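Any read-out appearing in this document is the output of simple, stated calculations on the displayed coordinates, not a laboratory observation. Note that the structure is a prediction, hence the values are computed from the model and not measured. As a convention, Cβ positions derive from the backbone with ideal geometry for all residues, glycine included, and neighbour counts pool all protein chains shown.
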Amino acid sequence: MTTTKSERVPNKMQEIHNAITELTDAFCAEHLDAECAQLCRQMTAALARKRPSPLVSGHIETWAGGIIYAIAQINFLFDKSQPAHITADAIADAHGIAKSTASSKAKQIRDLLNTGPMDPNWWRPSQMDDNLLAWRISVDGFIMDARALPREIQEIAYAKGLIPYIPGERESE
């Protein structure tokens, strides 16, 4: 389930990465929060590490808007009931792109990173308790919620990277 997210970027991609993250950081500071900004930086870095990196073609504003849009889709940030929320129009307008462009770039990003709604790897850490996908594990062929299993099984699942933390012992972020 878990992958190690990193903000490490190859030297030749550093300038493009910095330009995109400058835009995503500014947008998240104004409209969302630091948690979303960090996810955007990590997603930008993951795209920069792809070979070949898709970030070398296209406009940085389009990539920034697409990255924010992808994080918003994965985390349901278009839903006003979420602690942090945003509209697709706000993302597109802030980056000077059409909403359809932001949406199609987000789809390209989700496809490149093999991700989708509620992906625990791109989910807001503060909301992890609410992400059912983060807690599903297979025990003897049955899908179960790891939070309802005995502690010994939770410890094994955590050691194997199948759950984000042992319930009741959340790691400090």
Can you tell me the length gained on complete extension of the stretch A26 to I143, counting 0.36 nm per residue apart and subtracting the Cα distance?
38.1 nm
If I stretch the segment between S126 and D89 completely, what's the gain in nm (0.36 nm per residue apart, minus their alpha carbon distance), one decimal?
10.8 nm
State the number of lysine pairs found in segment 9-158 whose Cα atoms come within less than 22 Å, restricting to pairs 8 or more positions apart or on distinct chains.
6
What are the residues whose amide H is under 5 Å from the amide H of L149, where those residues sit 5 or more places off or on another chain and H is modelled from the backbone?
none
Hey, rough spin-label estimate for L133 and I153, points 7 angstrom out along Cα→Cβ, what's it come to in nanometres?
2.3
Given (1) 1.16; (2) 0.95; (3) 1.01, which label gives Rg/Rh (Cα atoms, Kirkwood Rh) as computed from the coordinates?
(3)
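What's the local net charge at L113, with K and R +1, D and E -1, over the other residues with C-beta under 13 Å away? If you can, show how the numbers build up before the last one.
Working: positive: K5, R49, K50, K105, K107, R110; negative: D111, D119.
Once positives and negatives cancel, what remains is +4.
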State the extension gain, in nm to one decimal, for the chain segment bounded by M118 and R49, taking 0.36 nm per residue of separation less the distance between their alpha-carbons.
22.6 nm
The equivalent-ellipsoid semi-axes of segment 115-173, taken as the square roots of five times the Cα gyration tensor eigenvalues and listed largest first in whole Å, are 18, 15, 9
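Per the helix-only calculation at 222 nm, which mean residue ellipticity applies to the chain, given -39500 (n - 2.57) for every DSSP H run of n ≥ 4 and division by its residues, nearest 500 deg cm²/dmol? All intermediate terms of the calculation are to be shown ahead of the outcome.
Values: 7 runs with 84 residues, N = 173.
After summing the helix terms and dividing by the residues of the chain, the value is -15000 deg cm²/dmol.
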Each residue of segment 52-65 in order: what ³J(HN,Hα) in whole Hz does its phi give by Karplus 6.51 cos²θ - 1.76 cosθ + 1.60, θ = phi - 60°, with x for Gly and Pro?
x, 6, x, 5, 6, 10, x, 8, 5, 5, 5, 5, 4, x
